[in-house]
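First the structure, in the form of structure tokens, and then the observations on it.
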Amino acid sequence: MARILGKEIPDSKRICISLRYIYGIGPTTSDKILENLNIDPNKRTKDVSEEDFARIIKELDKYVIEGELRRTVNSNIKRLMDIRCYRGVRHRLRLPVRGQKTQKNARTRKGPKRTVANKKK
């Protein structure tokens, strides 16, 4: 497996797919990076040369990715919680933030069902 910025990316997949294993790189960004560097997106990761990897790493330095992006997102959420805006309160209560209904759904965000005693009166 190849390593880019401390992240293992798979050898057997196409390079455009492998770059997506880096947090903050999606399909559009991956395609844009490869287009800027004139690298064939259909090449397998194991077939990409070391020079091309060096160029990819240099190009990735222009983007906010991995640890720095995670810190930024977490600090933004913490700021919302500190100023106690609506979104921050929803984060604090571990409820859906973007207006989803909570009566029947939202199990992903709320976790498994917990039975409340004496609710049926």
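The values are calculated or read from the model by the stated rules, or taken from the named source; none is laboratory data. None of the values given here were measured: they were computed from a predicted structure. Cβ: placed from backbone, ideal geometry, glycine included. Neighbour counts: every protein chain shown. We work out accessible area using only protein heavy atoms, side chains counted, and drop any ligands, DNA or RNA first. Shrake-Rupley method; radii C 1.70, N 1.55, O 1.52, S 1.80 Å.
The structure-derived value of P(r) over Cα pairs in 10 Å bins from 0, in percent appears in the list (i) 11, 26, 20, 14, 9, 8, 7, 3, 1; (ii) 11, 30, 20, 20, 13, 4, 1, 0; (iii) 11, 31, 21, 17, 12, 6, 2, 0 under the label (ii).
When the accessible area of the chain is computed with all protein chains present and a 1.4 Å probe, what percentage of it is carbon and sulfur?
Carbon and sulfur: 49 percent of the exposed surface of the chain.
Looking at the chain, the accessible area is 77 square angstrom per residue; that uses a 1.4 Å probe and ignores ligands, DNA and RNA. Please compare each pair in LYS7/LYS101; LYS78/LYS101; LYS13/LYS62; LYS13/LYS58; LYS13/LYS101 to a cut-off of 27 Å on the Cα-Cα distance and tell me which ones are over it. Over 27 Å Cα-Cα: LYS7/LYS101; LYS13/LYS101. About its Cα centre, the range 1-80 has a charge dipole of approximately 460 debye under the convention of +1 per Lys or Arg Cβ and -1 per Asp or Glu Cβ, with nothing else charged. Over the chain, dividing the summed -39,500 (n - 2.57) contributions of all DSSP H runs of at least 4 residues by the number of residues returns a 222 nm mean residue ellipticity of -12500 deg cm²/dmol.
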